[in-house]
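Comments concern the structure below.
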Amino acid sequence: MPKELVSFNPHFKYQVQNQLITFLVELLPGIDVNDLNKFILTFQLLTNIFNSIIVCDCSPALYIRNDLSESEKELCLQTKNFDEFIHELFNKFV
């Protein structure tokens, strides 16, 4: 049974969810249309990541729910930055 790429496990000290947007931004330089191999590998990795996660802005949950832990609040704030990643991604193709 496959596991989610960024599933939350309270037993892990280091949670991947809070670093995912940063990781995606770090992948952007790999999208280089002048280097076809690097472009294909980076795009395959991005495709695999996006097939493994649900992409949504969870920041409104900060105003709706009052039972979120600190790590959940941080994750909600991180998802607010996802639109910046999308803009940077599309700028690579312009």
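What follows is calculated from the coordinates using simple rules that are stated; it is not laboratory data. Quick caveat, the model's predicted, so the values are computed rather than measured. Cβ placement follows ideal geometry from the backbone for every residue including glycine, while neighbour counts extend to all protein chains displayed.
So which residues in region 47-92 are free of Cβ contacts under 8 Å to residues at least 40 places away in the same chain and in contact with a Phe, Trp or Tyr (Cβ under 9 Å, 6 or more places away or on another chain), if there are any at all?
Scanning region 47-92 gives 55, 56, 57, 72.
Mind checking which residues of region 29-85 are closer than 15 Å to residue 19 by Cβ and either β-branched (Val, Ile, Thr) or in contact with a strand residue (DSSP E or B) (Cβ under 8 Å, 6 or more places away or on another chain) (or both)?
If the condition is that a residue be closer than 15 Å to residue 19 by Cβ and either β-branched (Val, Ile, Thr) or in contact with a strand residue (DSSP E or B) (Cβ under 8 Å, 6 or more places away or on another chain) (or both), then 49, 53, 79 are the ones that fit.
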